[in-house]
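Comments concern the structure below.
The values are calculated or read from the model by the stated rules, or taken from the named source; none is laboratory data. Computed from a predicted model, the values in this text were never measured in an experiment. FYI the Cβ positions are ideal-geometry reconstructions off the backbone, even for glycines, and counts take in every protein chain you see.
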């Protein structure tokens, strides 16, 4: 692995992801071409934790219009990764 930050874009901070944190699950926005193994290794290296499982979801970008124009564009496609940590790999105080 070259750079672990090339796969992880940002953590997703939503009500649902905050509720999942009680179950040792954390959500991240990742690159579209990133695989589960690369995501797991990147999370382990960045946060110094042990990853148990990685689930990924692909999202297609929504079509959008600019003003009154009939010309439509599209938001970028993106991927979400839900990372489950091994019990005891992180201490919450």
Matching residues, the stretch 3-32, being over 17 Å from residue 84 (Cβ atoms), out of contact with any strand residue (DSSP E or B) (no Cβ under 9 Å at 6 or more places or on another chain) and not in a loop (DSSP other than H, G, I, E, B): 4, 5, 6, 15
Set 76, 40: member being surrounded by 11 or more Cβ atoms within 10 Å (Cβ to Cβ) and under 23 Å from residue 14 (Cα atoms): 40
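Listed residues 49, 54, 86; which is under 14 Å from residue 7 (Cα atoms) and either modelled with pLDDT of 95 or more or touching a strand residue (DSSP E or B) at 6+ places or on another chain (Cβ under 7 Å) (or both)?
Details: 49 fails: under 14 Å from residue 7 (Cα atoms); 86 fails: under 14 Å from residue 7 (Cα atoms).
Testing whether each residue is under 14 Å from residue 7 (Cα atoms) and either modelled with pLDDT of 95 or more or touching a strand residue (DSSP E or B) at 6+ places or on another chain (Cβ under 7 Å) (or both) leaves just 54.
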Residue 53 closer than 17 Å to residue 87 by Cα, surrounded by fewer than 13 Cβ atoms within 10 Å (Cβ to Cβ) and touching a residue at least 12 places away in the same chain (Cβ under 8 Å): yes
